[in-house]
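What follows is a short report on a single structure.
The values are calculated or read from the model by the stated rules, or taken from the named source; none is laboratory data. The structure displayed is predicted, hence computed values, not measured ones. Cβ coordinates were reconstructed from backbone atoms using ideal geometry, including for glycine residues, and neighbour counts include every protein chain displayed. SASA here: full protein model, heavy atoms, side chains in, ligands and nucleic acids out. Shrake-Rupley method; radii C 1.70, N 1.55, O 1.52, S 1.80 Å.
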Amino acid sequence: AGVARRHPAQAAKVLSRTVALRRALYGLFKNALDGSQPAPAYLDVLSRELAIARQHQKLSPADRRFHWKWDRPQRALDCILWRVCQSAADLLTSSELSQVRRCGGPDCGWMFLDTSRNHSRRWCDMQDCGNLVKVRRFRERSAKAYSLASKRRQTASKT
């Protein structure tokens, strides 16, 4: 936050890139879910951000193996974008892409990776969307039961 305050113009540019990346990722994953071709503009945004991110990756030895390491992320305002776009690209190119789901909540547009055992998860979060849908169903059933009971009472009182 301090770096952003000291460099507001740079922070504004990073915010603009963040919004564009978010829009592009949503579009790419939505296209993948729908089985449609992704918009070239979405791929361009992700590719551009990946190119920037990869400039900050260094191959580093560790325990007889190698791994990718990010250089000086604490000084860069856009360091979170590096990891986000890398993770998104990894998911888009993996077999796990078929496990991306759209939340079943009526007012929710979130997507999530279904890692449940039988891949039957329906909500982005059970505490939010899942609970809301279940409460709505309960209230609808209760209202129907109350309405039916009222009709029965009215019919019974007429006889």
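Bins of 5 Å, beginning at zero and ending with the bin holding the largest distance: percent of Cα pairs per bin for the chain, please.
All Cα pairs considered, the percentages come to 1, 7, 11, 13, 13, 12, 11, 9, 5, 4, 3, 3, 2, 2, 1, 1, 0, 0.
Anyone know which of 94, 36, 147 comes out most mobile in the 10 Å Cα GNM of the chain?
The residue with the greatest mean-square fluctuation here is 147.
As an exercise, use a Förster radius of 35 Å and the Cβ-Cβ distance of residue 72 and residue 128 to find the FRET efficiency, rounded to the nearest 0.05. Write down the numbers at each step before the final one.
Values: r = 37 Å, r/R0 = 1.04.
So the FRET efficiency works out to roughly 0.45.
Amide H of residue 7 versus every other amide H placed in the peptide plane: which residues, excluding those fewer than 5 positions away on the same chain, fall under 5 Å?
Under 5 Å from the amide H of residue 7 lies no amide H from a residue far enough along the sequence or on another chain.
Taking a probe of 1.4 Å, how large is the accessible area per residue of the chain, in Å²? Each step should come with its number before you reach the end.
On the way: 11850 Å² over 159 residues.
For the chain, the per-residue accessible area is 75 Å².
In a GNM of the chain with a 10 Å cut-off on Cα contacts, which of 59, 50, 81 has the highest mean-square fluctuation?
59
With every protein chain left in place, what is the accessible area of residue 84 in Å² (1.4 Å probe, nearest 10)?
My reading of the accessible area for residue 84 is about 60 Å².
With n ≥ 4 as the cut-off for DSSP H runs, can you work out [θ] at 222 nm for the chain, using -39500 (n - 2.57) per run divided by the number of residues, rounded to the nearest 500?
-19000 deg cm²/dmol
Tally up the carbon and sulfur contribution to the accessible surface of the chain as a whole percent, 1.4 Å probe, everything protein left in place.
Values: 6440 of 11850 Å².
Solvent-exposed carbon and sulfur of the chain make up 54 percent of the total.
Sort 96, 49 by heavy-atom solvent-accessible area, probe 1.4 angstrom, most to least.
So, going from the largest accessible area down, we get 96, 49.
Over the chain, with a Gaussian network built from C-alpha contacts below 10 Å, which listed residue (55, 86, 99) shows the highest mean-square fluctuation?
Judging by the Gaussian network model, the answer is 55.
Give me the one-decimal nm value for the distance between modelled label points at residue 119 and residue 151, 7 Å along each residue's Cα-to-Cβ direction.
Each label point is offset 7 Å from its Cα along the Cβ direction, giving 4.3 nm.
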